[in-house]
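The values are calculated or read from the model by the stated rules, or taken from the named source; none is laboratory data. Just so we're clear, the structure is a prediction, and the values are computed from it rather than from any experiment. Virtual Cβ from ideal backbone geometry, glycine too; neighbours counted across all protein chains shown. For accessibility, only protein heavy atoms count, side chains too; no ligands or nucleic acids. Shrake-Rupley method; radii C 1.70, N 1.55, O 1.52, S 1.80 Å.
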Amino acid sequence: MTALTQEEVATHTRTVVQGLEALRNEHNSILSGISSTLSSAHHPPDSNVIAEKAGILQRSLDQIELGLSEAQIMLALASHLQTVEAEKQKLRAQVRRLCQENAWLRDELASTQQKLQASEQHVAQLEEDKKHLEFMSTIKKYDADVQQDSESSMEEKKDKSDDPVVDLFPDDDADDRAGLKRSGDFGSQASLAAMSPTPPSQFAQQVNAGYEIPARLRTLHNLVIQYASQGRYEVAVPLCKQALEDLEKTSGHDHPDVATMLNILALVYRDQNKYKEAANLLNDALAIREKTLGENHPAVAATLNNLAVLYGKRGKYKEAEPLCKRALEIREKVLGRDHPDVAKQLNNLALLCQNQISQEERRGVPKEELLGKYEEVERYYQRALEIYETKLGPDDPNVAKTKNNLASAYLKQGKYKEAEILYKQVLTRAHEREFGAIDGDNKPIWQVAEEREENKNKVKDSAPYGEYGGWHKAAKVDSPTVTTTLKNLGALYRRQGKYEAAETLEDCAIRSRKEPPNFPSPMGSTSSQRSQDDPRHTE
């Protein structure tokens with residue numbers, strides 16, 4: 001007898017079940033007839049024979065029921081085995097896919113190791129070139145005239161870069177980069193102009209906002225982020241494209257995972273200044289997320305914000321503004337009007353409007369026609385400030401940054417007194433956190449600066465700033481906003497003719513920059529500029 005397959009066994013078992021059910025029905029019919037015969041005749045002559053037949057039928061019926069039960073068990077077992085086999089095939093497919101990915105990663109690792117070896121050789125060559133240049137430099141140093149000219153040039157550049165007045169009060173026809181500097185050190189100010197690879201932690205937050213990265217994408221996602229943050233776009237871009245191709249084959253184009261990878265690739269293109277390609281990808285991701293997640297999902301708001309950033313980088317502030325406003329509406333609806341993420345979006349919107357104002361002014365639009373826009377910017381910053389102070393407390397770093405932003409809006413309108421008040425509030429709060437309550441012997445730096453300004457004519461040689469207690473140490477690496485505020489208020493003092501006060505604050509800012517290790521540079525060109533959900537901090 002040939003061995004039967006599993007499917008054939010199941011088919012035969014079903015046939016046997018049908019036969020047993022028919023036999024059971026026939027036995028039940030016969031048994032019912034015998035029972036009726038016994039019940040109708042009280043003492044038939046062959047009652048014992050009939051009763052014996054009934055017993056035999058009942059035993060046969062029990063055997064049939066047992067056979068049916070065993071057949072049902074066999075069918076259930078066959079179904080279970082089919083399920084197990086299907087799961088086994090699925091696991092085998094996953095193993096094959098993982099083996100392919102592993103081989104792909106091994107090839108990438110081998111290529112990376114080759115590039116590393118080539119880079120090490122290049123570094124060794126550069127070291128030799130450096131030694132040669134150092135030798136040539138020791139020869140040139142005897143040329144006093146050349147050296148003097150070089151030092152003069154370097155000093156001039158240094159003075160220009162360190163002049164806060166240039167940053168705070170640029171010419172009216174200054175480009176967008178200067179206009180951004182006017183806005184203080186909040187993350188959004190340098191974002192539209194500074195072009196540098198996005199840090200890994202920020203890159204991840206930009207992509208993940210409102211949507212969790214699935215486990216199957218996490219390893220690839222982390223690899224792309226690592227390469228992109230190092231500026232290695234020649235590796236990050238092919239990884240993204242390969243992942244997109246695989247995802248579209250397995251999940252289809254309209255899937256949230258595809259939108260996530262489109263966002264990642266768009267951010268890589270953005271850091272490469274490929275704004276058109278990035279905009280196309282973000283529009284595609286936006287359509288997918290609206291279709292699959294709903295129009296009011298946080299991930300949709302994140303994509304809208306990223307798209308607004310892209311338009312802002314290209315100077316299309318009018319096109320960016322409605323996108324930013326829609327992102328704000330979604331976050332207000334989902335998170336509530338007083339959520340810190342809403343405050344971040346308000347800062348983004350205020351920045352876009354502020355740059356739009358600067359653009360209009362360069363086109364010759366009178367300031368009188370832009371008063372409504374100025375008021376709109378102030379409302380956004382003031383509301384963001386209120387949310388931060390209420391929800392995160394007065395000592396949260398975002399409070400000081402937003403005050404700097406609001407002060408920049410005041411400065412643009414010539415409201416120097418209002419801006420001065422905000423700068424003093426930031427410095428006073430920083431002083432209280434570092435040195436305790438303000439009193440006659442414990443004065444904030446701006447008060448010390450104003451006292452020096454008042455006494456400059458009474459005492460020819462004012463005491464060096466260090467004798468006032470070394471308040472500059474409060475401007476630590478975790479408070480870059482303090483350094484920025486010192487420079488901005490110093491520039492404001494200088495504009496008002498308070499040169500002694502300005503020099504005091506500028507000296508404090510310079511000292512804070514020289515404090516080791518890793519002290520922040522002025523005007524907010526620090527990592528804090530990328531710490532917000534704003535036009536640099538995209539999602």
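The condition (being modelled with pLDDT under 90 and not acidic (Asp, Glu)) is satisfied by just one residue among LEU116, LEU133: LEU133.
Tell me whether region 69-85 contains one or more residues that are closer than 30 Å to SER35 by Cβ and either open to solvent by less than 90 Å² (accessible area, probe 1.4 Å) or under 34 Å from the mean Cα position of the chain (by Cα) (or both). Looking through region 69-85, at least one residue is closer than 30 Å to SER35 by Cβ and either open to solvent by less than 90 Å² (accessible area, probe 1.4 Å) or under 34 Å from the mean Cα position of the chain (by Cα) (or both).
Name the residue, out of ALA54, ALA22, ALA41, that is modelled with pLDDT under 75 and open to solvent by less than 70 Å² (accessible area, probe 1.4 Å).
ALA41
If the condition is being under 16 Å from VAL309 (Cα atoms) and open to solvent by 50 Å² or more (accessible area, probe 1.4 Å), then region 241-283 contributes GLN272, ASN273, LYS274, LYS276, GLU277, ASN280, ASN283.
Scanning region 357-366 for residues that are in contact (Cβ under 8 Å) with a residue 24 or more places away in the chain and open to solvent by 20 Å² or more (accessible area, probe 1.4 Å) turns up GLN359, GLU361, ARG362.
Residues in region 284-306 that are in contact with a His (Cβ under 9 Å, 6 or more places away or on another chain) and open to solvent by 10 Å² or more (accessible area, probe 1.4 Å): ASP284, GLU290, THR292.
Any chance region 286-297 includes a residue that's of a type in the set (Val, Ile, Thr) and assigned to a loop (DSSP other than H, G, I, E, B)?
First, pick out the residues of region 286-297 that are of a type in the set (Val, Ile, Thr): 288, 292.
Of the ones still in play, those that are also assigned to a loop (DSSP other than H, G, I, E, B) are none.
For region 286-297, residues of a type in the set (Val, Ile, Thr) and assigned to a loop (DSSP other than H, G, I, E, B): absent.
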